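For reference, the structure is listed below as structure tokens.
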Amino acid sequence: MKRRIYLSSPHMNGGEMKYIKEAFEQNWIAPLGPNVDAFEKSLAGYCGVKHAAALSSGSAAIHLALIMLGVEQGDKVIASSFTFSATVNPIVYQCATPVLVDSEPETWNMDPDLLEQALKEHREKSTKHRVKAIIVVHLYGMPAKMDEIMAIANKYGIPVIEDAAEALGSRYNDKPVGSFGKIAVLSFNGNKIITTSGGGALISDDIRLIEKARFLATQARDKAPYYQHSEIGYNYRMSNILAGIGRGQMQVIDQRVQKRRESHEFYYQHLKDVPGISFLKEPSGNFFSNRWLTTILVDPEKTGISCWDLQAECEKENIETRPLWKPMHMQPVFSSCPSYLNGISSELFLQGLCLPSGSNMTDEDRDRVLSVILKNIHYK
Ligand SMILES: *Cc1c(COP(=O)(O)O)cnc(C)c1O
């Protein structure tokens, strides 16, 4: 069997080991310490915001963001439907209701028109169970249309949480994603563009939000000589060992973005003229995607193969691919949530495939992926 090619696997070799070693030497084996502080600084600097709090996962970061924005039982939170479930699960942790908004075709992210429709309809209804936040996702690294979305959110006075879990290194209007909303979420899970094996962060210009996040993430301990708690807390802080990995990864983030963009360019150049295969383009010079995953749409009529069968063919060659994320409004667990749909994300789901995009892929790996795809396209 040929060596397995993964969708997106961890890629070490910044100074990770050096920082881990320092943590061992200083016995900073805890969910705080110098690596955590330095990792937070470098994240904030890179994302063009003032502050960051390193946490145990991106999901924990979204949960804390919702808590800090006052999301409670019976409230509503508007979220992109075309995303990974971790965007929406924390809304339900708070016993609030997700209101799912479909995509526009240019970036595949939240459709501003449907967002406005959702806000309009929910404003006219009850004032008690209010829309407390909007979670906008930058899926696969492609920035959402933040100018339009922020204008609408500001018009209705609703705070925006950016889910930039897949988009570290992406830019919109030459500003890093994660710097547009009130607060943003990053993830360092094993498959993301940089990883700490597992981890996440909240970033924001608002020091009060970030300090509050650190407080809640360390069991909400009051300032007292004994353990005293006036609020419900969580154990969501990042370990100083893992933050050491993160520091090392931040030294090479620009190279990682470049490599992923090169892979996208490779696939694009070799497949753009194949009838029935299309790509997600950066709609204009204002959009810069980190190209976390390269995605293609496969028209079964023109190519003679469905994306599912193409996935199976790749698997036979020990190549991992994956259909586009199944939209939340199509998920059994969220199917009863209110939703604002236009058919875009469900159509994307039926035709789209994520290709191996890891920054540690070799030229030979990419050639292998390309040849399996070309071999299985029948009507050339
Ligand atoms: C990975 C991911 C998350 C969650 O991050 P974890 O660190 O895995 O909890 C949230 N949203 C999106 C869009 C993601 O891809």
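Which residue pairs have Cβ atoms closer than 9 Å, lie 6 or more positions apart in sequence or on different chains, and pair a first residue in the stretch 225-243 that is assigned by TED's automatic domain parsing to the domain that holds A53 with a second residue that is of a type in the set (K, R)?
These pairs meet every condition: Y227/R221; Q228/R221; H229/R221; G233/R221; R237/R214.
Could you look through the stretch 81-107, keep only residues that are in contact with a Gly (Cβ under 9 Å, 6 or more places away or on another chain) and away from the ligand (no atom under 12 Å from the Cβ), and pick out the one that is nearest to E166 (Cα to Cα)?
Filtering first and then ranking leaves D102.
Please enumerate the residues belonging to the stretch 259-306 that are part of a loop (DSSP other than H, G, I, E, B), closer than 21 Å to D363 by Cα and in contact with a His (Cβ under 8 Å, 6 or more places away or on another chain).
Within the stretch 259-306, just R291 meets the criteria.
Pick out, from the stretch 1-80, the helices (runs of 4 or more DSSP H) lying fully within it that include 2 or more residues that are within 16 Å of the ligand (Cβ to nearest atom). Lay out the reasoning, then the answer.
On the way: elements: 16-25, 34-47, 58-68.
Fully inside the stretch 1-80 and qualifying: 34-47, 58-68.
Among the residues of the stretch 171-222, which ones are among the polar types (S, T, N, Q), more than 16 Å from the ligand (Cβ to nearest atom) and closer than 22 Å to Q251 by Cα? Walk me through how you get there before you give the answer.
Going through the stretch 171-222, the residues among the polar types (S, T, N, Q) turn out to be 173, 179, 187, 189, 191, 195-197, 204, 218-219.
From the residues that got through so far, the ones that are more than 16 Å from the ligand (Cβ to nearest atom) too are 173, 179, 204, 218-219.
If the condition is that a residue be among the polar types (S, T, N, Q), more than 16 Å from the ligand (Cβ to nearest atom) and closer than 22 Å to Q251 by Cα, then S179, S204 are the ones that fit.
Only one of I134, I158 is in the same structural domain as V99 (by TED's automatic domain parsing) and assigned to a strand (DSSP E or B). Can you tell me which?
Working: I158 fails: assigned to a strand (DSSP E or B).
Going through I134, I158 in turn, the sole match is I134.
When you check G190 against the structure, is it loosely packed, with under 15 Cβ neighbours inside 10 Å and closer than 15 Å to W292 by Cβ, yes or no?
On the way: loosely packed, with under 15 Cβ neighbours inside 10 Å: yes; closer than 15 Å to W292 by Cβ: yes.
For G190, the condition - loosely packed, with under 15 Cβ neighbours inside 10 Å and closer than 15 Å to W292 by Cβ - is met.
Given the conditions (1) over 27 Å from N342 (Cβ atoms); (2) part of a loop (DSSP other than H, G, I, E, B); (3) of a type outside the set (A, V, I, L, M), report the number of the one that E106 does not fulfil.
(1)
The values are calculated or read from the model by the stated rules, or taken from the named source; none is laboratory data. The model shown is predicted, which means the values in this text are computed figures rather than measured ones. All Cβ positions, even for glycine, are placed from backbone atoms using ideal geometry, and neighbour counts span all protein chains on display.
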